[in-house]
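Participant: For reference, the structure I am asking about is given below.
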Amino acid sequence: MSDALSEMFTPDGFATPLLFARWRAKGATQPLQPALRCHEAGQATDEFRRLWPRAFPTKQPLPQGRIAAPDGRFTLEMFKVWA
């Protein structure tokens, strides 16, 4: 299944096991911690924004808008940064 169609976030904004696995597979230079809330109401948390450039220094910054759809999938804007 494509990352675009997969649930990456739990309803309360934490990473799913799939996001942890894909984070590692993409070669992140910093680990994603289970206690880190990635988003609140679809918007990236400050903690996730700080982690992103350390984990993926060659990727574009996180979108300013929503990163998570209500069903836990990436928004199109987040997927473009992720892919």
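Just so you know, all these numbers are worked out from the coordinates, no wet-lab data involved. In this text, all values refer to a predicted model and were calculated from it rather than measured experimentally. Cβ coordinates were reconstructed from backbone atoms using ideal geometry, including for glycine residues, and neighbour counts include every protein chain displayed.
Participant: Could you pull out the trypsin sites (Lys or Arg not before Pro) across the range 11-83 that fall in loop regions by DSSP (anything but H, G, I, E, B) with no more than 16 other Cβ atoms inside 10 Å?
Facilitator: For trypsin sites (Lys or Arg not before Pro) across the range 11-83 that sit outside H, G, I, E and B with at most 16 neighbouring Cβ atoms in 10 Å, the list reads 26, 59.
Participant: Based on a Kirkwood Rh over C-alpha pairs, give the Stokes-Einstein translational diffusion coefficient of the chain at 25 °C and viscosity 0.890 mPa s in µm²/s.
Facilitator: Answer, rounded: 198 µm²/s.
Participant: Could you tell me the relative contact order of the chain? Use alpha-carbon pairs under 8 Å, at least six residues apart, and round to a whole percent.
Facilitator: So the answer I get is 32 percent.
Participant: I've got another one for you. Tell me, what ³J(HN,Hα) does each residue in the range 40-47 have, in order and in whole Hz, if you take phi through Karplus 6.51 cos²θ - 1.76 cosθ + 1.60 with θ = phi - 60° and put x for Gly and Pro?
Facilitator: Working through the residues one at a time gives 10, 6, x, 8, 4, 6, 4, 5 Hz.
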